[in-house]
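J.: For reference, the structure I am asking about is given below.
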Amino acid sequence: QNCRSWRRAFPSMMSDAKRPEAKKPDSKKDQGSVVIKACKMPENMADIAVKTTIKGLEETNDLHQAADYVKKEFEADKFVDDTSGEKISTKGVWHCCIGRKFGAFVTFAEGNYIQFYHRQLCVIIWKSS
């Protein structure tokens with residue numbers, strides 16, 4: 001199942017109090033919304049990617065540490081689908097880029113790529129073959 005055109009707004013899980021440099025959202029659109037730009041993975045895995053990234057950003061102010069958190073979580077291969085209770089396999093080598101201004105061209109294993117925006121940040125997560 002491909003989630004290429006899938007869009008979903010997640011409630012803001014990132015506290016502005018933890019991030020003093022963050023400005024207050026001006027509109028509802030900026031309040032923790034996630035816009036998926038490209039997705040070549042199942043919808044349940046995309047959900048996990050977004051939630052894991054938001055949790056990583058919530059735990060640290062450093063984008064490198066947040067990206068490392070996402071990578072390690074995916075490589076730990078411990079995710080379970082909330083609805084069915086089935087294990088979601090994420091074995092392999094994963095990569096994550098988080099930032100505001102960067103270019104990327106990546107080669108990924110089929111069915112294991114997502115690019116989305118959370119607030120002002122672009123996030124790319126992919127598995128190499």
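The values are calculated or read from the model by the stated rules, or taken from the named source; none is laboratory data. Computed from a predicted model, the values in this text were never measured in an experiment. Here the Cβ is made from the backbone with ideal geometry for all residues, glycine too, and neighbour counts use every protein chain on show. For the accessible areas, the whole protein counts, side chains as well, though only heavy atoms, and no ligand, DNA or RNA atoms are used. Shrake-Rupley method; radii C 1.70, N 1.55, O 1.52, S 1.80 Å.
J.: For segment 69-92, give me each residue that is out of contact with any helix residue (DSSP H, G or I) (no Cβ under 8 Å at 6 or more places or on another chain) and part of a helix (DSSP H, G or I).
T.: Residues satisfying the conditions are 71, 72, 75.
J.: Can you tell me which condition residue 111 does not meet? The list is (1) under 16 Å from residue 33 (Cα atoms); (2) more than 10 Å from the chain's Cα centre (by Cα); (3) of a type outside the set (Ser, Thr, Tyr); (4) not in a helix (DSSP H, G or I), and all the others hold.
T.: Answer for residue 111: the failing condition is (1).
J.: Residue under question is residue 62, and the condition is that it be free of Cβ contacts under 8 Å to residues at least 24 places away in the same chain, acidic (Asp, Glu) and more than 20 Å from residue 33 (Cβ to Cβ); does it hold?
T.: So residue 62 fits the description; yes.
J.: Are any of the residues in segment 99-106 out of contact with any Cys (no Cβ under 8 Å at 6 or more places or on another chain) and closer than 16 Å to residue 40 by Cα?
T.: yes
J.: Does residue 114 fit the bill of being in contact with a strand residue (DSSP E or B) (Cβ under 8 Å, 6 or more places away or on another chain), touching a residue at least 60 places away in the same chain (Cβ under 8 Å) and buried (at least 20 other Cβ atoms within 10 Å of the Cβ)?
T.: yes
J.: Here's a follow-up. Give segment 63-79 a look and list any residue that's open to solvent by less than 40 Å² (accessible area, probe 1.4 Å) and under 19 Å from residue 115 (Cα atoms), or say none.
T.: Once the filter is applied, which keeps residues that are open to solvent by less than 40 Å² (accessible area, probe 1.4 Å) and under 19 Å from residue 115 (Cα atoms), segment 63-79 yields 66, 67, 70, 73, 74.
J.: I've got another one for you. So in segment 10-41, with the set limited to residues that are open to solvent by 50 Å² or more (accessible area, probe 1.4 Å) and at pLDDT 50 or above, which one is farthest from residue 113 (Cα to Cα)?
T.: 37
Residue by residue, here is whether (1) under 13 Å from residue 126 (Cα atoms); (2) surrounded by 21 or more Cβ atoms within 10 Å (Cβ to Cβ); (3) touching a strand residue (DSSP E or B) at 6+ places or on another chain (Cβ under 9 Å) holds:
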{"residue": "49", "(1), (2), (3)": "yes, yes, yes"}
{"residue": "61", "(1), (2), (3)": "no, no, no"}
{"residue": "81", "(1), (2), (3)": "no, no, yes"}
{"residue": "84", "(1), (2), (3)": "no, no, no"}
{"residue": "95", "(1), (2), (3)": "yes, no, yes"}
{"residue": "100", "(1), (2), (3)": "no, no, yes"}
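J.: Related question: So which of 87, 72, 78, 91 is more than 13 Å from residue 48 (Cα to Cα), modelled with pLDDT under 95 and among the basic types (Lys, Arg)?
T.: Sole residue among the options that is more than 13 Å from residue 48 (Cα to Cα), modelled with pLDDT under 95 and among the basic types (Lys, Arg): 91.
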